[in-house]
1. Any residue in region 73-90 that is farther than 20 Å from residue 308 by Cα, out of contact with any strand residue (DSSP E or B) (no Cβ under 7 Å at 6 or more places or on another chain), surrounded by 14 or more Cβ atoms within 10 Å (Cβ to Cβ) and touching a residue at least 40 places away in the same chain (Cβ under 8 Å)?
2. From the list 150, 198, pick out the single residue that is touching a helix residue (DSSP H, G or I) at 6+ places or on another chain (Cβ under 8 Å) and under 30 Å from residue 114 (Cβ atoms).
3. All but one of (1) more than 14 Å from the chain's Cα centre (by Cα); (2) buried (at least 18 other Cβ atoms within 10 Å of the Cβ); (3) modelled with pLDDT of 95 or more; (4) not in a helix (DSSP H, G or I) hold for residue 362; state the number of the condition that does not hold.
4. Mind checking which residues of region 204-219 are surrounded by 14 or more Cβ atoms within 10 Å (Cβ to Cβ) and touching a helix residue (DSSP H, G or I) at 6+ places or on another chain (Cβ under 7 Å)?
5. Of all the residues that make up region 297-316, how many are surrounded by fewer than 19 Cβ atoms within 10 Å (Cβ to Cβ) and not in a helix (DSSP H, G or I)?
6. Would you check if there is a residue in region 400-409 being in the same structural domain as residue 283 (by TED's automatic domain parsing) and either farther than 29 Å from residue 48 by Cβ or crowded, with 20+ Cβ neighbours inside 10 Å (or both)?
7. Can you give me the number of residues within region 10-27 that are free of Cβ contacts under 8 Å to residues at least 60 places away in the same chain and crowded, with 22+ Cβ neighbours inside 10 Å?
8. Just give me the residues in region 121-137 being part of a helix (DSSP H, G or I) and modelled with pLDDT of 90 or more, in sequence order.
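The values are calculated or read from the model by the stated rules, or taken from the named source; none is laboratory data. This one's a predicted model, so the numbers in the text were calculated from it and none came from an experiment. Ideal geometry is used to build each Cβ from the backbone, glycine not excepted, and the neighbour counts take in all protein chains shown.
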């Protein structure tokens, strides 16, 4: 029995990787993207004579799924690897945060807490083995290991920055997995030509293999009746025997017809969005790639400086710094006017870096994304939704499905590989189970 036509909804990295792999399996595919650009969180904007990513990205040496995909696209050798450093801004003061000596000089913590922080951090991966971290609150685990002072001064602000008010309840398993991906790894990579080069190569791969990529094709309604019926905004209907939706589950619920909505997974995850400000500066800041900002009067809670990773050549000689704040898409900050955020955050950046003058800030751009990081509940492994929507030819490939892996391009590519494996194994019928654990 042959493979019927598959529609992939959503042109972010997971949708692109899914369509790329379907084409390689010889399965006819159409990719639908609602906006005028592919890439999802990897989209970019024109800046002078360049294309700049709206949100920051890097490749980790442990990103096996993503590196395998780049290999298939002939891009693996285009990655430039660099050793990067981390800083920390606490109470308005900047500290390097990389070596044992840095830790000993980290005066926001007392001497005993510094020693405890160093020892526990070295052992943390080992300390988590064999424990039910999926059923353990991050706060309970880390407060017990590091002590109250380290938790309250450093770790709670860091997790609060990522997950919002519910940060202490996120399963400790997620952190443990994150340490496995990033750990003490200071080497990071970035592809020549940026992430646009990756997205362009994926589109070329899909189209060269006979797949169809459609932009400006927003979906109005999705239904399942024998096959999958997708109605676009203009009224056009796209039908397929099977479909893969990469849309965040809250978005899919809004688009599903009554029959499909009743079949969708019960789990309702809250999501954190992000507000990102991009500063184009005449001079570098600290030389640290990543700097959490804690209790320092700034609304942004982290800075990513691209110069240590890629230099200034991709940005026409300017130093690009991303300032970010994870926040709920309903929050006042997320809904606020971009120009007001840009003005206020510029003042806060100048306040934190006295050597930086107003005239050193050449340009500021603000971008927002509503669905970036699912906030997982305790015991989520058992509640993680299956990939196949029960009794339908619709499969789901979303960030809600990658747990306990860290939300990243790497985990999205790994998920795409597994979903396509299920489609390729089961021509013209719907498999009855989710992703094998």
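1. Step one: of region 73-90, the residues farther than 20 Å from residue 308 by Cα are 73-76, 90.
Restricting the remaining residues to those that are out of contact with any strand residue (DSSP E or B) (no Cβ under 7 Å at 6 or more places or on another chain) gives 73-74, 76.
With the extra rule that they be surrounded by 14 or more Cβ atoms within 10 Å (Cβ to Cβ), the set shrinks to 73, 76.
This time we only want the ones that are touching a residue at least 40 places away in the same chain (Cβ under 8 Å), so: 73.
Scanning region 73-90 turns up at least one residue that is farther than 20 Å from residue 308 by Cα, out of contact with any strand residue (DSSP E or B) (no Cβ under 7 Å at 6 or more places or on another chain), surrounded by 14 or more Cβ atoms within 10 Å (Cβ to Cβ) and touching a residue at least 40 places away in the same chain (Cβ under 8 Å).
2. Values: 198 fails: under 30 Å from residue 114 (Cβ atoms).
Result of the check over 150, 198: 150.
3. Of everything listed in (1) more than 14 Å from the chain's Cα centre (by Cα); (2) buried (at least 18 other Cβ atoms within 10 Å of the Cβ); (3) modelled with pLDDT of 95 or more; (4) not in a helix (DSSP H, G or I), residue 362 misses just condition (2).
4. Listed by number, the residues that qualify are 205, 206, 209, 211, 213, 219.
5. Result for region 297-316: 5.
6. Checked against the condition, which is being in the same structural domain as residue 283 (by TED's automatic domain parsing) and either farther than 29 Å from residue 48 by Cβ or crowded, with 20+ Cβ neighbours inside 10 Å (or both), region 400-409 yields no hits at all.
7. Residues in region 10-27 being free of Cβ contacts under 8 Å to residues at least 60 places away in the same chain and crowded, with 22+ Cβ neighbours inside 10 Å: 0 in total.
8. Filtering region 121-137 down to residues part of a helix (DSSP H, G or I) leaves 121-128, 133-135.
Listed by number, the residues that qualify are 133, 134, 135.
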